[in-house]
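Computed from the coordinates by the stated procedures, all read-outs in this text should not be read as laboratory data. The structure displayed is predicted, hence computed values, not measured ones. Note that we place each Cβ from the backbone using ideal geometry, even for glycine, and neighbour counts take in every protein chain shown.
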Amino acid sequence: MTSILGAAPLSRTFTRPILNRSTLFTTHLNSNRVSSTKIVNFAGLAFGRFFYRSKRGFRGGIVAMAGSGSVQKSEEEWRAVLSPEQFRILRQKGTEYPGTGQYDKFYEEGVYSCAGCGTPLYKSTTKFNSGCGWPAFYEGLPGAINSHADPDGMRVEITCAACGGHLGHVFKGEGFQTPTDERHCVNSISLKFAPGN
């Protein structure tokens, strides 16, 4: 039988998934005994890799993970460079209140970058007024943003491809008159704006 993660078949073993906000806990059971437990962060799935943490080392909460060969820092390093609110949103996948972000009704020409690592994410020409209370863009810069389904399957999360920082969610088919009919609903605090082309 193949596990939910597509691993090689295990003799007389099955995998039972347990979903939690952004992690997938898989417990391999054999003869009614737990033989191993792996915690896989969904952000890792978007990068085609699995990020494992031992059950003992997992502190709870939701932690954003970066892809290999990208900006990688420890939790302590992120806390040192981000404000508490930036850390809550970028690294713990929080959400700012609608209508409170500095870029919600901001329409100057320039580039929006990741507030965590500085990677350029969006051109201002792709920003539009969706009325949702958060900055909305119809597309990101090529290769700058990863998307993957939330564990509940209700929404699609978007993250910075370089550092794994949580940006927000993407919605499709809402009928906005944009070239892609997509709305990248992004937390202002996840962004830094630089004026210019």
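General remarks:
- Highest average first, the peptides 127-135, 111-119 ordered by how many other beta carbon atoms sit within 10 Å of their residues are 111-119, 127-135.
- Scaling the Cα radius of gyration of the range 97-195 by the globular reference 2.2 N^0.38 Å produces a ratio of 0.97.
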